[in-house]
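The values are calculated or read from the model by the stated rules, or taken from the named source; none is laboratory data. Just so you know, these numbers come straight off a predicted model, no measurement behind them. Reconstructed Cβ throughout: ideal geometry from the backbone, glycine too, with neighbour counts over all protein chains shown. Heads up: the accessible areas ignore ligands, DNA and RNA and are worked out on the full protein's heavy atoms, side chains in. Shrake-Rupley method; radii C 1.70, N 1.55, O 1.52, S 1.80 Å.
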Amino acid sequence: IFPFRRGKTSEAATQPRPNPAVISPQDPTLLIGSSLVATCTVSPDFPLKAEDLYWTLNGRRLPAASYSALGPSTLSVALARLNGSRQQSGDNLVCHSRDGGILAGSCLYVGLPPEKPVNITCWSKNMKDLTCKWAPGTEGETFLHTNYTLKYKRRWYGQDNTCQEYHTAGTYSCHIPKDLALFTPYEIWVEASNRLGVAVSDVVMLDILDVVTTDPPSDVHVSRVGDLEDQLSVRWSSPPALKDFLFQAKYQIQYRVEDSTEWKVVDDVGNQTSCRLAGLRPGTVYFVQVRCNPFSIYGSKKAGIWSDWSNPTAASTPRSERVAGGCDPKGGEQNTTLRRELKQFFGWVKKHAYGCSNLGIKLYDQWRVWLQKSHKTRNQVAKWGPWPLSPHPGAPRGPSQGGGGATGAAGATRTLEITPVRPAPQGQVYLG
């Protein structure tokens, strides 16, 4: 039995096989629009000639007109006005033998250097963390793998720090979870780098207290206001963060009808957690959303950042009791004039009742109550006949019910006095 010679057998088995061919240049990086001449040189150990070779780029065979034989076993290919790489890992340029075998390959990285990142915005959910996002630049696409690194430091001292948790709020974003100081300005910037260069954004300076935001308001409820056909009541709860920290808040409401994509925004909500929407269409479904903006955080003079909108909440206004196409009883020309003037007046009230104006809402509510009552007594008004309007409060009044009833004395002129709206004490509003 002959002994097994492990050493020489193992050494022979581990010797690398020679490459059939070599491509030059290997894995070049080029600007878009550049030209390239690449060569494929076959190893002397392989009996292949230049006429036995061909080229492919990303699997597509390149035309023979672009080839040149530079020697017995070397074939070149000329590539002009290169476009950006189809994939960030590079385009595959391959040298083949006549039978389709792969002899050698090279990656072409064709693209653009990175542009300066822009539009850096940051926010904090709990005053201990910070999330920032940015845009890659005006052009954006470089056709090359580009790394983005967010860095930050305290403004007057401290070393540069690098954010570690990327893509937390989108492709171009990073989250700093802890170890941030309050009442201290920070400098924040983003560095972009790829095979063709490096670009650095402008430095953004901020204080954590100036970029606080919250979750959207919760428990948003929308309900009808009694039988008022053109109003809805909106109520919500403050975000928990406003209770955990010394925040004040202001709110915004937006609403739209069911068959529309256009939102109307109510800006004058203030810091209250309820609002009355007026001037709505009767018998219509509305979607309502609320959002929050914290401010006056530990004395910060800047407003915070608006939260996302709450999930839409739907409710419908009551249908109008009037029958479509119905006719009002005729009350004479004077009664028509009276109702036209009242319509103009209350049209003004309705116009100013949008949003959450308490004065306008109270006045508007009283008018709605009066109007509903007036619908029930229109037949009686029509029977009383035309009453000319008195030109001023001192004009003669019509006979009272105790002085002759509805008919009155012969020849007496019936008048109806309209007392102007006057402000009442303690912020109340009445209709005279």
- Message: Which residue is farthest from the chain's Cα centre (by Cα), if the candidates are limited to segment 31-45 and must be under 23 Å from N194 (Cα atoms) and open to solvent by 30 Å² or more (accessible area, probe 1.4 Å)?
- Response: S35
- All strands (runs of 3 or more DSSP E) inside segment 216-274 with 3 or more residues being at pLDDT 85 or above and open to solvent by less than 60 Å² (accessible area, probe 1.4 Å): 218-224, 232-237, 248-257
- Residues that are open to solvent by 30 Å² or more (accessible area, probe 1.4 Å), farther than 30 Å from P47 by Cβ and of a type in the set (S, T, N, Q), drawn from segment 82-99: N83, Q87, Q88, S89
- Kindly indicate which of L79, L48 is touching a residue at least 12 places away in the same chain (Cβ under 8 Å) and either open to solvent by 30 Å² or more (accessible area, probe 1.4 Å) or over 50 Å from the mean Cα position of the chain (by Cα) (or both). L48
- Residue check, L130 among the aliphatic types (A, V, I, L, M), closer than 30 Å to V42 by Cβ and surrounded by 20 or more Cβ atoms within 10 Å (Cβ to Cβ): no
- Within the bounds of segment 117-129, is there any residue that is out of contact with any helix residue (DSSP H, G or I) (no Cβ under 9 Å at 6 or more places or on another chain) and aromatic (F, W, Y)? no
- Is it true that S193 is more than 23 Å from D308 (Cβ to Cβ), modelled with pLDDT of 90 or more and buried (at least 20 other Cβ atoms within 10 Å of the Cβ)? no
- Would segment 197-214 turn up any residue that is over 30 Å from G137 (Cβ atoms) and part of a loop (DSSP other than H, G, I, E, B)? yes
